[in-house]
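See below for the structure under consideration.
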Amino acid sequence: MLIGNTYAQKHSVDFYKETYRRGFVTLKSDTIKYQKIFFNEFPSNFKELKKLYGWTEQTTYGRTLTYVPPYYFTRFFEIACVSHKALTKKIIDVSVNAVWDADAIALFQRAATQYAITYNKEFVNELQNRSKADAISVWAFYCDYESSYYRKEAYNKLVKATAPNNKKMVELITAGYKKASARRKNH
């Protein structure tokens, strides 16, 4: 069976697709087990996310899962079989040192930003455990839009959600916004 053959090959695209299918599409008694495996196999950092969902710059072709994120990301951000703390940690792990990229990466960015707004207190509490540089890089990713209008809009929403929970974190959001703006001036 595919799942048995590919289990040993961690991060295999076929394994990843199969755990998604068994965890979210074909609902059976072992659905939760496969949802947890899907969560565990979801990329743990930006490099892994880009490897599965990004673009190959040399050929400008989408990578293996570039065109399926609306389904995968929706399930990932709404997964109920893991704690919010574990989900928040993984979202932050993937967002550290991330940069905007078309299609799938942009969808992850928007979903992560909305998650940070919706679950702001939990998100900020987890982000406080990171270095200042990591926190700034996360906020920079969430403000990393080509359009200055969308960049400022994301910044304003993040500040509005965060200020009541942690005024000091607003300084890091501002630093991230400035970092994203500076990056865009260079492109």
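The values are calculated or read from the model by the stated rules, or taken from the named source; none is laboratory data. Keep in mind the model is a prediction, meaning the values are calculated, not measured. Every residue, glycine as well, gets a Cβ built from its backbone with ideal geometry; the counts of neighbours run over all protein chains shown. SASA here: full protein model, heavy atoms, side chains in, ligands and nucleic acids out. Shrake-Rupley method; radii C 1.70, N 1.55, O 1.52, S 1.80 Å.
For region 129-184, the alpha-carbon radius of gyration amounts to 1.03 times the rule-of-thumb value 2.2 N^0.38 Å expected for a compact globular protein. The amide H of D101, built 1.01 Å from its N in the peptide plane, has A106 as neighbours under 5 Å, considering only residues 5 or more places off or on other chains. Using a Gaussian network model of the chain whose springs link C-alpha atoms within less than 10 Å, name the residue from A111, A86, A154 with the highest mean-square fluctuation. Sorting by GNM fluctuation, first place goes to A86. Projected label points at K185 and V13, each 7 Å from Cα along the beta carbon direction, are separated by 3.9 nanometres.
Could you state the angle between the C-alpha long axis of helix 31-41 and the longest principal axis of the C-alpha atoms of the chain, as a value from 0 to 90 degrees rounded to the nearest 10? For helix 31-41, the angle is close to 50 degrees.
Counting only protein heavy atoms and using a 1.4 Å probe, the accessible area of E146 comes to about 130 Å².
Any chance you could give the angle, 0 to 90 degrees and rounded to 10, that helix 104-118 forms with the longest Cα principal axis of the chain? The angle comes out at about 70 degrees. Using a probe of 1.4 Å, the accessible surface attributed to V13 totals some 30 Å² when neighbouring protein chains are kept in position. Against the main long axis of the alpha-carbon atoms of the chain, helix 132-142 sits at an angle near 80°.
Averaged per residue, region 107-187 has 54 square angstrom of accessible surface, using a 1.4 angstrom probe with ligands and nucleic acids left out. Only protein atoms count toward the accessible area here, which uses a 1.4 Å probe; on the chain, the carbon and sulfur part of that area reaches 54 percent.
The distance between label points at N165 and N129 comes to 1.5 nm (points 7 Å beyond Cα on the Cα→Cβ vector).
Modelled spin-label separation between S148 and Q114, with each label point placed 7 Å from Cα along the Cα-to-Cβ direction: 2.8 nm. Note on D134: accessible area is roughly 50 Å² with a 1.4 Å probe, heavy atoms of protein only.
Exposed loop sites here are trypsin sites (Lys or Arg not before Pro) assigned a DSSP state other than H, G, I, E or B and surrounded by at most 10 other beta carbons within 10 Å; excluding them, the longest clear run of the chain is 29-187.
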